[in-house]
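The values are calculated or read from the model by the stated rules, or taken from the named source; none is laboratory data. All values derive from a computational prediction rather than experimental measurement. All Cβ positions, even for glycine, are placed from backbone atoms using ideal geometry, and neighbour counts span all protein chains on display.
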Amino acid sequence: MRIKIGSKNSLNEIRGAKRDIYEVLYIMKIAADANHEQIKTDCRAIKGVAIVSSVPKSRKEFGTYEKITYRIKFVPYKTSLKDFLHNLEASFRQLSKFGVTSFVRTSSPRKKES
């Protein structure tokens, strides 16, 4: 369904812009007492990130920390994939104050839609 408000153009269409959606997986090592929902919310706040969800049955507990695999869908807009991933990982490093101690990319970005 497309929403139109006082215009002939749909709100969900951007003229001349090609939107490629990619998906990538990251394993994050997170402190056991961290707020997981806050971490996902902060990941979603990163420019270009659309969806952040944990992979079912991927959580492994190790006493003081947990490892969780996250599926991240993103739109790099006018940025190369290499630069986008570099910026994404730089943003992940900033999440250390919320309990993310390390992360590793476990898949190459895969194009999901156009």
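Do you know which residues across segment 1-22 are surrounded by fewer than 16 Cβ atoms within 10 Å (Cβ to Cβ) and modelled with pLDDT of 90 or more? Let's see the steps before the verdict.
First, pick out the residues of segment 1-22 that are surrounded by fewer than 16 Cβ atoms within 10 Å (Cβ to Cβ): 1-21.
Scanning segment 1-22 gives a single hit, Ile21.
Go through segment 48-68 and count every residue that is in contact (Cβ under 8 Å) with a residue 40 or more places away in the chain and not in a strand (DSSP E or B). Can you show your working first?
Just the residues of segment 48-68 that are in contact (Cβ under 8 Å) with a residue 40 or more places away in the chain, to begin with: 48, 67-68.
Next, from what is left, pick out any that are not in a strand (DSSP E or B): 48.
Looking only at that region, the number is 1.
What is the residue count in segment 65-87 for residues that are in contact with a strand residue (DSSP E or B) (Cβ under 6 Å, 6 or more places away or on another chain) and among the polar types (S, T, N, Q)? Explain how you work it out, then say what you get.
Looking only at segment 65-87, we keep the residues that are in contact with a strand residue (DSSP E or B) (Cβ under 6 Å, 6 or more places away or on another chain), and these are 65-75.
Within this subset, residues satisfying the condition of being among the polar types (S, T, N, Q) are 69.
The total comes to 1.
Among the residues of segment 39-53, which ones are more than 13 Å from Glu23 (Cα to Cα) and polar (S, T, N, Q)? Explain how you work it out, then say what you get.
Pass one, segment 39-53, residues more than 13 Å from Glu23 (Cα to Cα): 39-47.
Hit for segment 39-53 is Thr41, nothing else.
Being outside any helix (DSSP H, G or I), farther than 25 Å from Ala32 by Cβ, among the basic types (Lys, Arg) and at pLDDT 90 or above is the filter here; which residues of segment 69-110 pass it? Spell out the reasoning first.
As a first pass, look at segment 69-110 and keep what is outside any helix (DSSP H, G or I): 69-80, 99-110.
With farther than 25 Å from Ala32 by Cβ added as a condition, the list becomes 73-80, 107-110.
Remaining after also requiring among the basic types (Lys, Arg): 73, 78, 110.
Scanning segment 69-110 gives Lys73, Arg110.
Across segment 48-68, what is the total count of residues that are crowded, with 17+ Cβ neighbours inside 10 Å and of a type in the set (Ser, Thr, Tyr)?
1
What number of residues in segment 23-37 are exposed (fewer than 15 other Cβ atoms within 10 Å of the Cβ) and farther than 11 Å from Val100 by Cα?
1
Identify all residues within segment 69-108 that are free of Cβ contacts under 8 Å to residues at least 60 places away in the same chain, surrounded by 12 or more Cβ atoms within 10 Å (Cβ to Cβ) and among the charged types (D, E, K, R); write none if there are none.
Result: Arg71, Lys73, Glu89.
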